[in-house]
Amino acid sequence: MNRFEAWAVHLGNLLVGLTGLVYAWMRYLLSPADPYAVVNHPWQPAVQHAHVLAAPLLVFACGLIWRHHAWKQLATGVPVRRRSGLALLLTLAPMVASAYLLQTAVDPAWHRAWVWLHLASSGLWLVGSLAHLLAPSRPRSR
């Protein structure tokens with residue numbers, strides 16, 4: 001993975017992760033000051049828009065590193081960061097699919113299901129990303 005690809009992935013993770021966490025905090029943990037308010041925080045719509053607008057960068061970056069990084073590591077059997085990399089691969093599809101589906105769901109039950117899937121897969125993605133980033137880059141010597 002070259003520097004541009006690494007920066008794209010890290011920047012995408014940072015922007016999408018931060019806006020997602022802030023939006024989730026505003027949406028699910030805050031209570032509105034006004035009982036007739038539509039949102040829980042005045043910045044909630046702006047943070048949601050920033051999250052939705054930043055997400056394609058992360059999706060693009062993941063596609064960018066697929067062939068030269070992820071597939072190459074899988075095909076050659078490199079053991080370094082393998083578990084966290086596989087965790088990222090397994091959480092990417094449900095995270096992205098649920099993000100698009102929750103924006104288009106009309107039925108409240110389906111919308112709720114996509115929200116839960118998105119929150120769960122996104123949480124796993126963030127944990128996996130941190131684990132992948134912080135894992136040793138060289139195998140341990142025995």
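Highest average first, the peptides 72-82, 86-96 ordered by how many other beta carbon atoms sit within 10 Å of their residues are 86-96, 72-82. Highest mean packing comes first when the peptides 13-20, 105-112, 56-63 are listed by Cβ atoms within 10 Å, giving 13-20, 56-63, 105-112. Shown in residue order for segment 40-56 are the 3J(HN,Hα) couplings computed by the Karplus curve 6.51 cos²θ - 1.76 cosθ + 1.60 at θ = phi - 60°: 8, 8, x, 8, 3, x, 5, 5, 4, 5, 4, 5, 5, 6, 7, 4, x Hz (x for Gly and Pro).
Within the shell of other residues whose beta carbon sits under 13 angstrom from the beta carbon of A131, the net charge comes to +3, with Lys and Arg scored +1 and Asp and Glu -1. Looking at the chain, the pairs of alpha carbons with a distance over 26 Å make up 31% of the total. Sequence-ordered 3J(HN,Hα) estimates for segment 23-35 from the Karplus curve with 6.51, -1.76 and 1.60 and θ = phi - 60° stand at 4, 4, 4, 5, 6, 10, 10, 8, 10, x, 5, 9, x Hz, glycine and proline given as x.
Across segment 91-142, the convex hull enclosing all Cα atoms gives 70 Å³ per residue.
Its residues counted as N, segment 59-115 yields a C-alpha radius of gyration over 2.2 N^0.38 Å of 1.47.
Each residue of segment 108-118 is assigned a 3J(HN,Hα), and the resulting list reads x, 5, 5, 4, 4, 5, 5, 4, 4, 5, 5 Hz, derived from the Karplus form 6.51 cos²θ - 1.76 cosθ + 1.60 (θ = phi - 60°), x at Gly and Pro.
Throughout, read-outs are computed from the coordinates displayed, never taken from laboratory work. Quantities reported herein were computed from a predicted structural model and do not represent experimental measurements. Reconstructed Cβ throughout: ideal geometry from the backbone, glycine too, with neighbour counts over all protein chains shown.
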